[in-house]
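Participant: Pasting in a structure now, in structure tokens, and then I'll have a few things to ask.
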Amino acid sequence: MEYAFNEIEKKWRAYWASQKTFAAKEEGDKPKFYALDMFPYPSGAGLHVGHPLGYIASDIVARYKRHQGFNVLHPMGYDSFGLPAEQYAIQTGQHPAITTEENISRYREQLDQIGFSFDWDREVRTSNPDFYRWTQWIFLQLFDSWYDEEKAQARPIEDLIWHLHKYGTEDLHAAAGEDLSLSPEEWEGFDEATREQILQNYRLAYRSESTVNWCPALGTVLANDEVKDGLSERGGHPVVQKKMMQWSMRITAYAERLLAGLEEIDWTESLKDSQRNWIGRSEGALLSFALDGHADKIQVFSTRPDTIFGATFMVLAPEHYLVNEITTADQAAEIKAYQEQAARKSERDRLTEVKTVSGAFTGAYALHPFSGAKIPIWIGDYVLASYGTGAVMAVPAHDSRDWSFAKHFNIPIVEVVSGGNITEASYDAKEGKMVNSDFLNGLDVKEAIGKAITAVEDNAIGESQINFRLRDAVFGRQRYWGEPIPIYFKDGLPRRVKEEHLPLNLPAVDAFLPTEDGEPPLARAQKWSYHPDKGVVSADEGYPLETTTMPGWAGSSWYDLRYMDSQNNDVLVSPERVNYWCDVDLYIGGNEHATGHLLYTRFWHKFLKDRGLVQEEEPFKKLINQGMILGYSAFAYRVDGENTFVSADLADQYSCTKVHVDVNMVNASDELDVEAFKAWRDDLATAKLIFEGAFKVTREVEKMSKSKFNVVNPDDIIAQYGADTLRLYEMFLGPLEQSKPWNTAGISGVHSFLRKLWRLYFKEGELTLSEEVPNEKELKVLHTLIKKVNEDINNFSFNTSVSAFMIAVNSLGELKCTKRAILGHLPILISPYAPHIAEELWSRLGNTDSIAYASFPQHEEQYLTESNHNYPVSFNGKMRFTHELPLSLNKEEIEKAIFALERTQQYLEGKTIRKVIVVPGKIVNIVAS
RNA sequence: GCCCUGGUGGUGGAAUUGGUAGACACGCGGGACUUAAAAUCCCGUGACCAUUGCGGUCGUGCGGGUUCAAGUCCCGCCUGGGGCACCA
């Protein structure tokens, strides 16, 4: 009987579904294991072979953990709010919910075919009101919270109101937009509107004015990467910078904890580095420079207060609020021209032009806080208004950008740290002795930084400060297909929708576009007002509701929690469930989420912990990034100006152009299926093909995409080879974390491996297993495999265990092994990788229950111990031959045995022995000359 | 510019703490079985030299170094990919 993978796989998938084999349970005394995948956005294109890579890896771990006696939670769902469905809706008028539903069905069909052990009863969809109800609920908690920096945790806004009432801002250590100073009397005297304005300065979800890329023609806000050269990517319409009131999240309150938390989680260093860079913590001092002839002061932040005596000029951002005030009449025209020039550049342009130095002198001078020297004040577009204070004290000797600026404008460069050659380049290193620096002279840089800060504080020039690069996250979107923000406005003040009125459902609209006057699509809704007693009502009955929606990352910032208790209608997750599952033990997903999703999720979890909803500080204990699967494009050569194609090996005889051809028409030998090619498109039916023997194409590795005709669909692979082959092959391609090209050609190797495995059990259609006692060799093959597979899964090295399976099956085939005592173990070993064939063999062996919970074998060292070792014998480090010796021999005995060999003597003829290295169990090396 | 990664046969890749480089698989060449094909099995396959046989030289991006021994460790480069970006 042949290995009929189609029947076998269909049968077991039906069995798993009907038996609910993989339903996660919170009972018994088993330990828990939570294996999570980054859930997909269900796009219209469906899955290609790159998508399941990480899912297969996590499924292997999930299945392995079940074999090891864990209660495993391995869920799947859909990140189903998003732009593509909305754009499709704008074009066709079809409601995004319908598009999304269709795409999800397609995804589910494809996922089901691969044999994942997901617990589908726990599926979540972020666009489902039962789910986004809780996203909205979390938003309300954020709205109702402020961050107490002293306690380092979020607290209810009532506590803050009480504090303001009792003490004003005295002793208030709160994360805030700006520093406020209020007495309790002042607070008491304010009306409601003013109080709310003040509270907005502290709320973790708050409204503030922020600059956005506004495209008037599209009536919408665009992301940075949707804007190219000041024009919208779609349509090429002009984009302007516009200030808008937007909902934001005060993630900056959590900067320190987001940084500290990285120390306790098992993520790759490169990923942690990305987050560290994103958060961008820097220690330094905030300094005030007095102005010559003005009452104002310029504040600067510097990480190098030790170099203060080297500050020979200052640079303000062109937009700095003091520029116009301090500029002298002489310089006004020049400054104005420069400001205009800078304003025309986008921030991105300003950041990109590193080589050209530009700036203008204001004519004004600051006074050095220690020496009293007059320091010229310039403006330059390398200083950004949005970072720090928008001003720098320029130390050209020890900062490369300041150095270029000083060189360009002929400003003096004063060395204050010895060790470099400042006539050629700035010396930025934090090493060396201080010079030309008054009371800092002779100190090391590190000491000098400390002493400078002390001096600055003693003289009331400034204070030590920690700066972060991290910004608060803009949370409002001018879109339809997202979670409505549960806020309404009474007298212009934002108020929370009552929890009993959640979910605040997306309203029906007549079109998914912004309104004519630029309001978001929700403003089109007829029934979109709020009455605190009645809920959502028609426009004339209640207060206006917020019309922006939440961004894509809202739902994904907490979905891992919902899987624990996805059917709960009372709370987002019950305390019992969250106590049981705690956190994610293994999270697998793409690298592109390094600073977005993964940072926001960590932020929300910390917040939920502060408010007592979860126990763990970090959501994802261990995280692995799977690499991207690239396409292996194929090219045919078209003769220029003709409908003629020429085989790649003859292409140099013609003048031709490479054109993509569909990789599905090319075989493993890079030969084009000419019939399929002619049938591919109408114009090709009459094309002339020039080739000898076979029509050859050339190959190149590119990103997998429809337009490059290199997309490989898992469905086609499964139809031809089966899901088990696909799973094994995806793993066999190479290390999980590495990006690699997909080349279907190699798949026949793993497929024939599965057939070989099958044939070990069946001879002429009959299951033929003997009850004989296995011999040493057979036991060794088995236990070598057991050891390797256990190690590999624990190291996430799945590619090498596929090789190990092949080696074991090849060896057992050579040994003609048909013994139950050996072959009986193989199905469990391979079950995480190729679950269908494993179930089938398992049941043929006489088992009546699923293999999924069968206990995973452990190797026994006794079967692996070798008595002999084949010693490589090297002369001067070059391996010449090998010789087998018992492992029981000691160094002297090995040396003696090797020297007794005739071949050893041949290599030593006429030479003097200098040294003999013998490492028992490893090598022998003889040094002679 | 900075940070993170990688660079091994025609291809994907393997190689525990430095200890037989190229496991396993694809592809390719040859053979067996077959009327034939498919399937299966066997042999060969890093390059070069030698070939009757034994064998020899080179070889893990490049150049140095440490070591009895380097894909692996150190120093300096080149290069592919990803991320961040005048961050003061």
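Participant: Considering only the stretch A:787-806, state which residues are open to solvent by 40 Å² or more (accessible area, probe 1.4 Å), touching a residue at least 12 places away in the same chain (Cβ under 8 Å) and farther than 19 Å from A:LEU726 by Cβ.
Facilitator: The answer is A:LYS787, A:LYS788.
Participant: So is A:ILE453 within 13 Å of RNA strand B (Cβ to nearest atom), over 30 Å from A:GLN341 (Cβ atoms) and not acidic (Asp, Glu) or not?
Facilitator: In short, yes.
Participant: If you scan the stretch A:617-637, which residues turn out to be away from RNA strand B (no atom under 16 Å from the Cβ) and assigned to a strand (DSSP E or B)?
Facilitator: Result: A:PHE620, A:LYS622, A:ALA636, A:TYR637.
Participant: Right, another one. Would you list the strands (runs of 3 or more DSSP E) that sit entirely within the stretch A:353-448 and hold 2 or more residues that are more than 10 Å from RNA strand B (Cβ to nearest atom)?
Facilitator: In the stretch A:353-448, the matching strands (runs of 3 or more DSSP E) lie at A:360-367, A:374-379.
Participant: Can you name the residue in the stretch A:577-616 that is in a loop (DSSP other than H, G, I, E, B) and more than 26 Å from A:ASP148 (Cα to Cα) and, of all such residues, is farthest from RNA strand B (Cβ to nearest atom)? Give the steps one after another, and end with the answer.
Facilitator: If we filter the stretch A:577-616 for residues that are in a loop (DSSP other than H, G, I, E, B), which is where we start, we get A:582-583, A:585, A:590, A:594-596, A:611-616.
Within this subset, residues satisfying the condition of being more than 26 Å from A:ASP148 (Cα to Cα) are A:585, A:590, A:594.
Details: A:ASP585: 23, A:GLY590: 10, A:ALA594: 6 Å.
The extreme case among them is A:ASP585.
Participant: Identify, please: which residue in the stretch A:554-576 is surrounded by fewer than 22 Cβ atoms within 10 Å (Cβ to Cβ) and part of a helix (DSSP H, G or I) and is, among those, nearest to the chain's Cα centre (by Cα)?
Facilitator: A:ASP565
Participant: Something else: Could you check, for the stretch A:113-127, whether at least one of its residues is over 21 Å from A:ASN568 (Cβ atoms) and either open to solvent by 50 Å² or more (accessible area, probe 1.4 Å) or over 27 Å from the mean Cα position of the chain (by Cα) (or both)?
Facilitator: Yes, because at least one residue in the stretch A:113-127 is over 21 Å from A:ASN568 (Cβ atoms) and either open to solvent by 50 Å² or more (accessible area, probe 1.4 Å) or over 27 Å from the mean Cα position of the chain (by Cα) (or both).
Participant: Something else about it: Within the stretch A:630-649, identify whether any single residue is within 30 Å of A:LEU736 (Cβ to Cβ) and in contact with a Gly (Cβ under 9 Å, 6 or more places away or on another chain), and answer yes or no. Talk me through it step by step, then tell me what you get.
Facilitator: Residues of the stretch A:630-649 that are within 30 Å of A:LEU736 (Cβ to Cβ), as a first pass: A:630-635.
Now narrow it down to the ones that are in contact with a Gly (Cβ under 9 Å, 6 or more places away or on another chain): A:630-631.
Yes; the residues of the stretch A:630-649 include at least one that is within 30 Å of A:LEU736 (Cβ to Cβ) and in contact with a Gly (Cβ under 9 Å, 6 or more places away or on another chain).
Participant: In the stretch A:810-825, what residues are open to solvent by 10 Å² or more (accessible area, probe 1.4 Å) and in contact with a helix residue (DSSP H, G or I) (Cβ under 7 Å, 6 or more places away or on another chain)?
Facilitator: Result: A:SER811, A:GLY813, A:LEU815, A:LYS819, A:HIS825.
Participant: Among the helices (runs of 4 or more DSSP H) contained in the stretch A:1-97, which hold 1 or more residues that are under 27 Å from A:PHE709 (Cβ atoms) and open to solvent by 10 Å² or more (accessible area, probe 1.4 Å)?
Facilitator: Ranges flagged: A:52-67, A:83-92.
Participant: If you don't mind, another one. Among the helices (runs of 4 or more DSSP H) contained in the stretch A:747-862, which hold 2 or more residues that are under 30 Å from A:LEU623 (Cβ atoms), outside the structural domain of A:ARG63 (by TED's automatic domain parsing) and near RNA strand B (Cβ under 10 Å from one of its atoms)? Spell out how you get there, then give the answer.
Facilitator: Details: elements: A:747-761, A:776-795, A:798-814, A:820-823, A:826-830, A:835-844.
Fully inside the stretch A:747-862 and qualifying: A:747-761, A:776-795, A:798-814.
Participant: Go through the stretch A:902-929 and give me each residue that's without any contact (Cβ under 8 Å) to a residue 40 or more places away in the chain, open to solvent by less than 40 Å² (accessible area, probe 1.4 Å) and either closer than 23 Å to A:GLU866 by Cα or away from RNA strand B (no atom under 13 Å from the Cβ) (or both).
Facilitator: A:VAL918 - this is the single residue of the stretch A:902-929 that is without any contact (Cβ under 8 Å) to a residue 40 or more places away in the chain, open to solvent by less than 40 Å² (accessible area, probe 1.4 Å) and either closer than 23 Å to A:GLU866 by Cα or away from RNA strand B (no atom under 13 Å from the Cβ) (or both).
Participant: Among the candidates A:VAL497, A:VAL536, A:VAL435, which residue alone is touching a Ser or Thr at 6+ places or on another chain (Cβ under 9 Å) and either at positive phi or touching a residue at least 24 places away in the same chain (Cβ under 8 Å) (or both)?
Facilitator: Values: A:VAL497 fails: touching a Ser or Thr at 6+ places or on another chain (Cβ under 9 Å); A:VAL435 fails: either at positive phi or touching a residue at least 24 places away in the same chain (Cβ under 8 Å) (or both).
Result of the check over A:VAL497, A:VAL536, A:VAL435: A:VAL536.
Participant: Quickly run through the stretch A:184-214 and pick out the residues that are open to solvent by 20 Å² or more (accessible area, probe 1.4 Å) and among the basic types (Lys, Arg).
Facilitator: Hits for the stretch A:184-214 are A:ARG195, A:ARG207.
The values are calculated or read from the model by the stated rules, or taken from the named source; none is laboratory data. Just so you know, these numbers come straight off a predicted model, no measurement behind them. We place every Cβ from the backbone using ideal geometry, glycine too, and count neighbours over all the protein chains shown. Ligands, DNA and RNA are stripped out before the accessible areas are found, and what is left, the full protein with its side chains, is counted by its heavy atoms. Shrake-Rupley method; radii C 1.70, N 1.55, O 1.52, S 1.80 Å.
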